[in-house]
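Colleague: Submitted below is the structure of interest, expressed as structure tokens.
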Number of protein chains: 2
Amino acid sequence: MYNSTINTLLNHRSIRKFKDQPLTDEQIKLLVTCAQAASTSSFTQSFSIIGVEDPEIKKELSQISGQSYVEENGYFFVFVADQYRNHQIGDQHDADTSVLDTTQRLTVALGDAAFAAQNMAIAAESMGLGICYIGSIQNNIQRTADLLQLPKYTFPVFGMAVGYPDQTPEKKPRLPFNAVFHKNVYRKTTSNDELNGYDDQVANYYSTRSGGQRNETWTQQIAEGLSAPARMALKPFLEKQQLGKR
Amino acid sequence: MYNSTINTLLNHRSIRKFKDQPLTDEQIKLLVTCAQAASTSSFTQSFSIIGVEDPEIKKELSQISGQSYVEENGYFFVFVADQYRNHQIGDQHDADTSVLDTTQRLTVALGDAAFAAQNMAIAAESMGLGICYIGSIQNNIQRTADLLQLPKYTFPVFGMAVGYPDQTPEKKPRLPFNAVFHKNVYRKTTSNDELNGYDDQVANYYSTRSGGQRNETWTQQIAEGLSAPARMALKPFLEKQQLGKR
């Protein structure tokens, strides 16, 4: 059953340090075309992709996200959940566009953007490039939207840094199969034995990666991540964009 | 730049008629493992996958979605945006789990589920299988959640029917590159020439597929899709699940 595509999928690791070598126009075009080939809800294609080349915009997005590799990479894409195009088409057809403010339209656009992005990620990795998703462009979502001149009915979901890897990180271990896969109905209790074994694996991964400096288990990391709510501006921003209002 | 993975991505078409041949346990395990290998926001792995084998559950999901291929396929998966596991871990670590009701946690879990699903879709297609996303399991989202016994802090995002294709549909044309790709900033005006050309392509696709019975352009389809709001139960359901409340 294994083939080169499966191997590409299973060998994923995020890359956070890239060589100073820009992608070519042909590479960019192929990556976007692969992204567009993904499934899309009801054929609405409710997403856009912004290729950020302007050094000033990249620099500011890098500051918003707090990640240097937003600026230093082969190319930087932003994936936008986009009901604005549908709104524009509705206007041209004298249709009532008020349905675009529903939660269904918001979630569908987010899904379309994510399918497209994951296709791009896999295409890039199959070409020997590395990628990293950048959710933290939402750290100041209004400023990000202003920089990219995003109209209402859109929002920036995440960025993706792409380029030639200048590091070879270890593969990050994933949860045990049985912690993620359920048969027929959701199984509420994840076995502690399974989670303990996984915690050991993750602690070992961090310890190896940091040369013994970091020694954190996965469940510790999850618990610490709960300490403060993040990106509380997201919900009011979405409402201002006329998304997910009902 | 082309390789077998790129070809798999570019050759995607949704499959809505499958041979009566179930997937093997090895295939299911490999598909889920590929799904798990996808990127995940802050390493939280905020999704679960339910393998629906029970014929009664499949039948009822098929009725909810209105699609026969939810019942008739090689295997049926449901992708769940899942903050329940994080909630459980937080409880075990005496952490304050109240942050899990934020819009950021909702969107992140949806993204994680979508990345995983798209990985599975590509893995399946690389193995010669076909797939179709089933968003319409949300047509009665409460009933779907009840059938799958989903706890609070979770929601069913979409299903995925997988199996051996029993049809060879044409590839559905995608929007012109320039209608989806923007450089540096969002370009508000999609050229009418581009959309007109694309409308012709889509009308031709439908006409060929239906033997001349259907003759609809893409923008017509988009405008008609605006006629009524869909799945208005989604927002109250999410709030009941303690998701996206603030």
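Colleague: Can you tell me which residue is farthest from A:Asn119 (Cα to Cα) among those in the range A:138-170 that are at the interface with chain B (Cβ under 9 Å from one of its Cβ atoms) and among the β-branched types (Val, Ile, Thr)?
Modeller: Within the range A:138-170, the match that is farthest from A:Asn119 (Cα to Cα) is A:Thr154.
Colleague: Still on this structure: Could you please let me know if B:Lys59 is over 30 Å from A:Glu224 (Cβ atoms) and touching a helix residue (DSSP H, G or I) at 6+ places or on another chain (Cβ under 7 Å)?
Modeller: Here the answer is no, as B:Lys59 does not meet what is asked.
Colleague: While we're here: Pairs please, first residue from the range A:26-42 and outside any helix (DSSP H, G or I), second anywhere and open to solvent by 20 Å² or more (accessible area, probe 1.4 Å) and of a type in the set (A, V, I, L, M, F, W, C), Cβ atoms under 7 Å, 6+ apart in sequence or on different chains.
Modeller: Going by the 7 Å Cβ cut-off, the qualifying pairs are A:Ala37/B:Leu10.
Colleague: Kindly indicate whether A:Tyr84 is more than 19 Å from the chain's Cα centre (by Cα), within 27 Å of A:Lys235 (Cα to Cα) and among the aromatic types (Phe, Trp, Tyr).
Modeller: yes
Colleague: Answer yes or no: is there a residue in the range B:179-194 that is farther than 18 Å from A:Ile89 by Cβ, at pLDDT below 95 and not in a helix (DSSP H, G or I).
Modeller: no
Colleague: So A:Asn73 passes all but one of these: (1) touching a Ser or Thr at 6+ places or on another chain (Cβ under 8 Å); (2) among the polar types (S, T, N, Q); (3) more than 7 Å from chain B (Cβ to nearest Cβ); (4) open to solvent by less than 30 Å² (accessible area, probe 1.4 Å). Which condition number does it fail?
Modeller: (1)
Colleague: Something else now. For the range B:47-97, give me each residue that is free of Cβ contacts under 8 Å to residues at least 24 places away in the same chain and under 24 Å from A:Asn196 (Cα atoms).
Modeller: Across the range B:47-97, the qualifying residues are B:Gln88, B:Ile89, B:Gly90, B:Asp91, B:Gln92, B:His93, B:Asp94, B:Ala95, B:Asp96, B:Thr97.
Colleague: Do we find that A:Glu224 is within 20 Å of B:Ser42 (Cβ to Cβ) and either β-branched (Val, Ile, Thr) or touching a helix residue (DSSP H, G or I) at 6+ places or on another chain (Cβ under 7 Å) (or both) in this structure?
Modeller: When the stated conditions are applied, A:Glu224 does not pass them.
So that you can scan it fast, the table gives a plain yes or no per residue for (1) within 27 Å of A:Asp146 (Cα to Cα); (2) buried (at least 20 other Cβ atoms within 10 Å of the Cβ); (3) modelled with pLDDT under 95:
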position: A:Leu10; (1), (2), (3): no, no, no
position: A:Ile15; (1), (2), (3): no, yes, no
position: A:Lys19; (1), (2), (3): no, no, no
position: A:Gln36; (1), (2), (3): yes, yes, no
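Colleague: Quick check on B:Gly66: is it out of contact with any helix residue (DSSP H, G or I) (no Cβ under 7 Å at 6 or more places or on another chain), farther than 30 Å from A:Ala228 by Cα and more than 9 Å from every other protein chain (Cβ to nearest Cβ)?
Modeller: Here the answer is no, as B:Gly66 does not meet what is asked.
Colleague: Identify all residues within the range A:109-128 that are surrounded by fewer than 24 Cβ atoms within 10 Å (Cβ to Cβ) and either more than 7 Å from chain B (Cβ to nearest Cβ) or on the phi > 0 side of the Ramachandran plot (or both); write none if there are none.
Modeller: Scanning the range A:109-128 gives A:Glu125, A:Gly128.
Colleague: Checking A:Thr102 against (1) within 9 Å of chain B (Cβ to nearest Cβ); (2) surrounded by fewer than 22 Cβ atoms within 10 Å (Cβ to Cβ); (3) within 22 Å of B:Phe43 (Cα to Cα), only one condition comes out false. Which one?
Modeller: Here A:Thr102 meets the rest and fails (3).
Colleague: Same structure again: Against the conditions (1) closer than 27 Å to A:Lys245 by Cα; (2) open to solvent by 20 Å² or more (accessible area, probe 1.4 Å), where does A:Ile49 fall short? Just the number, please.
Modeller: In the conditions (1) closer than 27 Å to A:Lys245 by Cα; (2) open to solvent by 20 Å² or more (accessible area, probe 1.4 Å), A:Ile49 misses (2) alone.
Colleague: While we're on this one: Has the range B:10-18 got any residue that is in a loop (DSSP other than H, G, I, E, B) and of a type in the set (A, V, I, L, M, F, W, C)?
Modeller: yes
Colleague: Could I ask something else about it? Of the residues B:Glu239, B:Glu216, only one is open to solvent by 20 Å² or more (accessible area, probe 1.4 Å) and assigned to a loop (DSSP other than H, G, I, E, B); which?
Modeller: Unique residue meeting the criteria: B:Glu216.
Colleague: Scan the helices (runs of 4 or more DSSP H) fully inside the range A:78-157 and keep the ones with 2 or more residues being small (Gly, Ala, Ser).
Modeller: A:103-126
Colleague: Further question: Being in contact (Cβ under 8 Å) with a residue 40 or more places away in the chain and either out of contact with any strand residue (DSSP E or B) (no Cβ under 8 Å at 6 or more places or on another chain) or assigned by TED's automatic domain parsing to the domain that holds B:Arg16 (or both): is that true of B:Lys245 here?
Modeller: yes
Colleague: Could you please tell me which pairs satisfy a Cβ distance under 9 Å, a separation of 6+ or placement on different chains, a first residue in the range B:148-174 that is over 24 Å from B:Tyr205 (Cβ atoms) and without any contact (Cβ under 8 Å) to a residue 60 or more places away in the chain, and a second residue that is of a type in the set (S, T, N, Q) and open to solvent by less than 50 Å² (accessible area, probe 1.4 Å)?
Modeller: B:Gln149/A:Asn184
Colleague: Does at least one position in the range B:227-241 carry a residue that is within 9 Å of chain A (Cβ to nearest Cβ), in contact (Cβ under 8 Å) with a residue 24 or more places away in the chain and over 21 Å from the mean Cα position of the chain (by Cα)?
Modeller: No, because not a single residue in the range B:227-241 is within 9 Å of chain A (Cβ to nearest Cβ), in contact (Cβ under 8 Å) with a residue 24 or more places away in the chain and over 21 Å from the mean Cα position of the chain (by Cα).
Colleague: Among residues belonging to the range A:219-236 that are at pLDDT below 95 and open to solvent by 50 Å² or more (accessible area, probe 1.4 Å), point out the one that is nearest to A:Ala179 (Cα to Cα).
Modeller: Going through the qualifying residues, I end up with A:Ser227.
The values are calculated or read from the model by the stated rules, or taken from the named source; none is laboratory data. Everything numeric in this text was worked out from a predicted model, so none of it was measured. Methodologically, a virtual Cβ is constructed for each residue, glycine included, from the backbone with ideal geometry; neighbour enumeration extends over all protein chains shown. When the accessible area is computed, the model is the full protein with side chains, heavy atoms only, and any ligands, DNA or RNA have been set aside. Shrake-Rupley method; radii C 1.70, N 1.55, O 1.52, S 1.80 Å.
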